[in-house]
Structure formats: structure tokens, C-alpha cells
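Student: Can you read through this structure? Questions will come right after.
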Amino acid sequence: MSLLALESVSKSYGALKVTDDISVRVNKGELLGILGPNGAGKTTLFNLISGDVLSDAGRILYEGKEITRVPAFRRCHLGIGRSYQVPQPFGNMSVFENLVTAAAFGDEQKEQDAWDTAVAVLEQTGLLKYANSPAGSLTLLNRKRLELARALATRPDLLLLDEIAGGLTEHEAAQLVDELKRIKASGVTMIWIEHVVHALLAVADRLFVINFGKQLAEGEPHAVMNDPDVKRVYMGMEA
């Protein structure tokens, strides 16, 4: 059984259809990479999965149960965690306090459990030495790490990652990829939107490409990247 299934999901804003009859399944333990040009509807797709916005048509199933109209906080409690493209931590709170907040409200953990989770995630993501630093004082790489850490503190079974490699150096992106490999090895299922293609190809089991809200291609990563339509639309190359 798939962990997540989208069945003919659509979303419009006025006359603009940003997600158009999308159907995709994500299996437990896999990492699905999502590609598409700017404005293709990728983040809207994440918003529909996380419950930040509700679809106009279609169904979303999680562990075989329909969650199409379930609010975002309930989806988080069910095990769907996400990061956002632009990190927005509680800047005046410490890194540790940010994680405790995520654990307590995102996963309904009791106080001591939330503290324990926060420490474990700090160690996992290399942020332990910044535990007492104000979140707003972190470098871009560490804000990205904190964004990932806040999602992990909710103890997700499904982790949605929105362009977390954007703006990182080559070395920093490599560090991030290593961290995602460790998370994947722990059994967490992931969906990753990313424009840094080489980073995505290093960990993705499958790619799903959209354009103007419609599915363009899906399959084994290197086969998808060699698809003539993907080359034309995503990379600006004629077949």
C-alpha cells in the first residue's frame, strides 16, 4: 500500500489552474523528487499535501485513509511534516526552543518528551552547538538545517522538503545530501522539490515532473532527465 496517494487533484485560483488533475503515489521508504520550472505548481502541490490549502477536486489519501479536507495541524499530527522554501524560524527564540515548540505542537509530545526529541534532532542535524543561539542569528546553511530539524522534531513518517538546497554552496549541498541519506536510511519517506538537480539525483528513487500544473513525466531519475519533453521544458533544450 502506498503511504500517500493523490487522485486527480486540482486547484485553481480564479481562472488560473495551478494544479491540474495530478495523480501520483508515494511508497513507504522512498524519496520522490519533484521537478518543474518556476511557476509549474510545485509548492502548491506541497500545500495541498500538507493541508495549507485545500483542493478543489480529487482525493488525497494517507495510509489508505482520505485526508482531503483534514486541516493542516491534524495532518502534522498524523505524521506529515514539511519544510518551507524560505526558512522562517522563531528568530528571537533559541534553536532548542524552536525544536521543542515543533515537537510539542506538531506531534503533541509532553514536555519532557519534547525536550528529549529536541536534543536528539539537534545531534542528528549537527545543530547541537547552536542549541542556545537565537534562531535568527544562524547562517543560511544552519537556518536550512533548522528548517529541516523543525520538521524532523514532529517525528514525521512523510517529510516534505521544499527547495532546501537553494542558495547553498556545492560543499553545503553535499552536506545536506549526506544528511538526507541518513534520514532516508532511518525509514522516513520523503518528497523533495528541488532545482539543484545533481543533489536531487544523488538520493531520489523516482522523479515526478510537472509543468503548468500538469504531469509531464514520471519514472527512474536518469530516464526522466533524458526525456525529450523534460529537456525541452525544464532545461530549455530541444530534443
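Bear in mind these aren't lab numbers, they're just calculated from the coordinates by the rules spelled out. On a predicted model such as this, the values are computed, not experimentally measured, just so you know. No Cβ is skipped: glycine too gets one built from the backbone with ideal geometry, and neighbour counts run over all protein chains shown.
Student: Cα centroids of the stretch 1-60 and the stretch 179-198: how far apart, whole angstrom?
Tutor: Here the two parts' Cα centres lie 18 Å apart.
Student: When we measure straight from the Cα of Lys110, which lysines land under 25 angstrom away, once same-chain ones fewer than 8 places off are left out?
Tutor: Within the straight-line cut-off, Lys110 pairs with Lys129.
Student: Under 8 Å for C-alpha pairs, at least 6 residues apart: give me the relative contact order for the chain, rounded to a whole percent.
Tutor: 25 percent.
Student: How far apart, in nm, are the 7 Å Cα→Cβ label points at Lys231 and Ser137?
Tutor: 5.1 nm
Student: Let me ask another. Once both labels are modelled 7 Å past Cα along the beta-carbon direction, what's the Trp115-Ser12 spacing in nm?
Tutor: Here the answer is 5.4 nm between the modelled labels.
Student: Now for a separate question. Positive end of the charge dipole of the chain (Lys, Arg +1 and Asp, Glu -1 on Cβ, about the Cα centre): tell me which of Gly64, Ile183, Leu200 has its Cα farthest that way.
Tutor: Farthest towards the positive end: Gly64.
Student: When the chain is modelled as a GNM with alpha-carbon springs shorter than 10 Å, which of Leu158, Leu146, Leu54 fluctuates the most?
Tutor: Of Leu158, Leu146, Leu54, the Gaussian network model singles out Leu54 as fluctuating most.
Student: Work out the length of the dipole vector of the chain about its Cα centre, built from +1 on the beta-carbon of each Lys and Arg and -1 on the beta-carbon of each Asp and Glu, and round it to the nearest 20 debye.
Tutor: On the way: 25 positive and 30 negative charges, 51 e Å.
Here the size comes out at about 240 debye.
Student: For the ranges 198-211, 216-229, what's the packing order if you count other beta-carbon atoms within 10 Å of each residue, average per peptide, and put the highest first?
Tutor: So the peptides 198-211, 216-229, ranked by packing, come out 198-211, 216-229.
Student: Between the helical axis of 170-185 and the dominant principal axis of the chain, each derived from Cα atoms, what acute angle in degrees is found, rounded to the nearest 10?
Tutor: That helix lies at roughly 90 degrees to the long axis.
Student: Please report, to two decimal places, log10 I(q)/I(0) for the chain at q = 0.17 Å⁻¹ as given by the Debye formula with identical point scatterers on the Cα atoms and no solvent.
Tutor: -1.29
Student: Would you mind classifying the stretch 31-92 by shape? Square roots of the alpha carbon gyration tensor eigenvalues, ordered a ≥ b ≥ c; an a/c under 1.5 is rounded, otherwise it is prolate if a/b is larger than b/c and oblate if not.
Tutor: oblate
Student: Provide the gained length on full extension for the span Arg69 to Ser2, in nm with one decimal, where the gain is 0.36 nm per separating residue minus the Cα-Cα distance.
Tutor: Value of the extension gain: 22.2 nm.
Student: Can I ask one more? For the chain, take the longest principal axis of its alpha carbons; what is the angle in degrees between that and the long axis of helix 140-153, to the nearest 10 within 0 to 90?
Tutor: 90 degrees
Student: Would you work out which of Ser83, Leu122, Val95 lies farthest towards the positive end of the dipole of the stretch 80-155? Charges go on Cβ: Lys and Arg +1, Asp and Glu -1.
Tutor: Of the options given, the answer is Ser83.
Student: Further question on the same structure: What 222 nm value per residue comes from the helices of the chain, counting each DSSP H run with n ≥ 4 as -39,500 (n - 2.57) and dividing by all residues, nearest 500 deg cm²/dmol?
Tutor: After summing the helix terms and dividing by residue count, I get -10000 deg cm²/dmol.
Student: Roughly how many nanometres apart are two label points built 7 Å out from the Cα toward the Cβ at His171 and Asn92?
Tutor: Roughly 3.5 nm, to one decimal.
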